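Undergrad: My structure is below; once you've seen it, I'll send some questions.
Nothing in this text is a laboratory measurement; each read-out follows from the coordinates by a stated rule. This structure is a prediction, so every number in the text was calculated from the model and none was measured. Cβ atoms come from the backbone with ideal geometry, glycine included; neighbour counts cover every protein chain shown.
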Amino acid sequence: MKQIKHYYSLGAYFEARTVKDIIKPAKSILNKVSVKVALDEMQTRAVDSSPVIDQRGELLGTVSQNKMNREVGGFGHDPNTEPIEAHIDRNNPYCFEDQTVAAAEQMMLNTKIGEVFVVTREKLLVGTINIESIVAQKHGRKDPLGASEKSAPRSITIRFAPQS
């Protein structure tokens, strides 16, 4: 019996890919830690914000260094005892790991966001996806902008055209 070979165009292949094929792992903070622990963790990782999860791994939202410093320090609260729960921004866009990459890209373009969280249908945090990775996949590259892991980090500026 003769095998039939399927030749998919890169565009059709891209359209069929799911988000879980190109996610990056995300480091998160548990919702029961203090503001001090969260700030120290973010400083260690050199990030300005971090996803927050519960004990099950469900995405609750994000915390921001600037917001916590303003709210905790500004109101005279003790960062060693102040829980981060009250400082979680719960209005964060996310996509599901089983969504197509094309659908995630469209959502990111519509909301003008360069990176979103990826969750399961139970809202358990899986990782993140960013527009640079999507563009790289669209053009058949594994890494954003064709950079190898050994090359110097590259930056990209994403501008969105105004919608009319």
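Undergrad: Can you work out ³J(HN,Hα) from phi for every residue in the range 41-48, in order, using Karplus 6.51 cos²θ - 1.76 cosθ + 1.60 and θ = phi - 60°, giving whole Hz and x for Gly and Pro?
TA: 5, 5, 5, 4, 7, 6, 10, 8
Undergrad: Using 0.36 nm per residue, how much length does the chain from L30 to M107 gain when fully extended, once their Cα-Cα distance is taken away? Spell out each step's value before the answer.
TA: Values: separation 77, 0.36 × 77 = 27.72 nm, distance 2.71 nm.
Stretched fully, the L30-M107 segment lengthens by 25.0 nm.
Undergrad: Still on this model: List the residues whose amide H sits under 5 Å from the amide H of L60, counting only those 5 or more places along or on another chain, with H placed 1.01 Å from N in the peptide plane.
TA: For L60, whose amide H was placed from the backbone, the distant partners under 5 Å are V52, I53, D54.
Undergrad: Could I ask something else about it? Modelled label-to-label distance, N92 and A16, 7 Å Cα→beta-carbon offset: nm?
TA: According to this spin-label approximation, the distance is 3.3 nm.
Undergrad: Please list 124-133, 94-103 highest first by mean number of surrounding beta-carbon atoms within 10 Å per residue. Walk me through the numbers on the way to the answer.
TA: Numbers: 124-133: 20.2, 94-103: 16.9.
So the peptides 124-133, 94-103, ranked by packing, come out 124-133, 94-103.
Undergrad: List the relative contact order of the range 15-146 as a percent without decimals, with contacts defined as Cα pairs under 8 Å and 6+ residues apart. Write down the numbers at each step before the final one.
TA: Values: 222 pairs, mean separation 38.2, N = 132.
RCO, the range 15-146: 29 percent.
Undergrad: Same structure again: Using a Förster distance of 41 angstrom, determine the FRET efficiency expected from the C-beta separation of T100 and D48, and round it to 0.05. Write down the numbers at each step before the final one.
TA: Numbers: r = 30 Å, r/R0 = 0.73.
The value I calculate is 0.85.
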